[in-house]
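Asker: Quick one: the structure is below, questions incoming.
The values are calculated or read from the model by the stated rules, or taken from the named source; none is laboratory data. Being a predicted model, the structure only gives us computed values, none of them experimental. Here the Cβ is made from the backbone with ideal geometry for all residues, glycine too, and neighbour counts use every protein chain on show.
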Amino acid sequence: MIYRPMQKTDLSAVARLEEVCFQAERWSEEMFLSSFSQTGFVGEVCQNDRGEIVGYGCISCVFDTADLYNIAVAPEYRRTGLGTSILRRLIASAKARGVEKMFLEVRPSNTSANRLYQSEGFFEISVRKKYYPDGEDARILVKEL
Ligand SMILES: CC(C)(COP(=O)(O)OP(=O)(O)OC[C@H]1O[C@@H](n2cnc3c(N)ncnc32)[C@H](O)[C@@H]1OP(=O)(O)O)[C@@H](O)C(=O)NCCC(=O)NCCS
């Protein structure tokens, strides 16, 4: 596996993987493009030995805080440590920019993501009621970097 910063030329492949991982709530390629051009955007991708993007994550850093926008790994590559490595790389990039806290939102029903975040030191600070379009709450987590 190769881990490297996300480039503009990755965005169509990232958007395709996003579709596989998030279905209805996915970001479009246009949403990635518009975020990519913002100051403070940091993205990381993971490529297999055929050069295919099989995981990605991105954050937005503003002053001393960062928000995790998305993180996803292709279904056939899950549970092999890619998500952890991508998240750690995003955290390292955020720290290098002077970020002190990283925030994220997650569905309580998303067991895999909740376990990943917990094992990387994120903890709950609040719950946003009926945050998602289907009415599910969002857990708001933070990690002190
Ligand atoms: C969440 C996600 C990114 C995790 O990626 P991953 O590469 O499978 O994660 P890792 O292999 O690094 O797993 C790290 C830890 O998370 C937990 N975990 C991951 N998947 C899990 C699962 N299906 N069940 C239980 N725990 C799980 C485990 O504690 C795991 O450590 P372990 O394998 O040593 O026990 C991946 O499941 C995914 O893409 N999901 C769909 C998109 C998504 O929901 N993104 C998050 C939105 S908030």
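Asker: Could you grab me the full set of residues in segment 4-37 that are assigned to a strand (DSSP E or B) and under 14 Å from the mean Cα position of the chain (by Cα)?
Answerer: Initially, segment 4-37 is screened for residues assigned to a strand (DSSP E or B), giving 4-5.
Answer for segment 4-37, where residues must be assigned to a strand (DSSP E or B) and under 14 Å from the mean Cα position of the chain (by Cα): just PRO5.
Asker: Also: If a residue must be more than 13 Å from the ligand (Cβ to nearest atom) and surrounded by 14 or more Cβ atoms within 10 Å (Cβ to Cβ), how many such residues does segment 62-90 contain? Break it down stepwise before answering.
Answerer: Taking segment 62-90 and keeping what is more than 13 Å from the ligand (Cβ to nearest atom), we get 62-66.
Within this subset, residues satisfying the condition of being surrounded by 14 or more Cβ atoms within 10 Å (Cβ to Cβ) are 65-66.
Residues meeting the conditions: 2.
Asker: Scan segment 115-142 for residues that are in a loop (DSSP other than H, G, I, E, B), without any contact (Cβ under 8 Å) to a residue 24 or more places away in the chain and either among the polar types (S, T, N, Q) or farther than 26 Å from GLY81 by Cβ (or both) and jot them down. First the steps, then the outcome.
Answerer: Taking segment 115-142 as the starting set, the residues that turn out to be in a loop (DSSP other than H, G, I, E, B) are 120-122, 129-137.
Applying the additional criterion that residues be without any contact (Cβ under 8 Å) to a residue 24 or more places away in the chain yields 121-122, 129-130, 134-135.
Correct list: LYS129, LYS130, ASP134, GLY135.
Asker: Quick one: count up the residues across segment 54-108 that are over 20 Å from GLN118 (Cβ atoms) and either of a type in the set (Phe, Trp, Tyr) or free of Cβ contacts under 8 Å to residues at least 24 places away in the same chain (or both).
Answerer: Within segment 54-108, residues that are over 20 Å from GLN118 (Cβ atoms) and either of a type in the set (Phe, Trp, Tyr) or free of Cβ contacts under 8 Å to residues at least 24 places away in the same chain (or both) number 6.
Asker: Within segment 33-52, can you find the residues that are among the β-branched types (Val, Ile, Thr) and either surrounded by fewer than 19 Cβ atoms within 10 Å (Cβ to Cβ) or away from the ligand (no atom under 16 Å from the Cβ) (or both)? I'd like the intermediate steps shown before the answer.
Answerer: First pass over segment 33-52, keeping only residues among the β-branched types (Val, Ile, Thr): 39, 42, 45.
Hits for segment 33-52 are THR39, VAL42.
Asker: Scan segment 91-130 for residues that are within 16 Å of the ligand (Cβ to nearest atom) and either modelled with pLDDT under 95 or β-branched (Val, Ile, Thr) (or both) and jot them down.
Answerer: Going through segment 91-130, the residues within 16 Å of the ligand (Cβ to nearest atom) turn out to be 91-92, 102-128.
Listed by number, the residues that qualify are ILE91, VAL106, THR111, ILE125, VAL127.
Asker: Can you give me the number of residues within segment 106-122 that are within 17 Å of PHE22 (Cβ to Cβ) and surrounded by 15 or more Cβ atoms within 10 Å (Cβ to Cβ)?
Answerer: Residues flagged as within 17 Å of PHE22 (Cβ to Cβ) and surrounded by 15 or more Cβ atoms within 10 Å (Cβ to Cβ) within segment 106-122 amount to 6.
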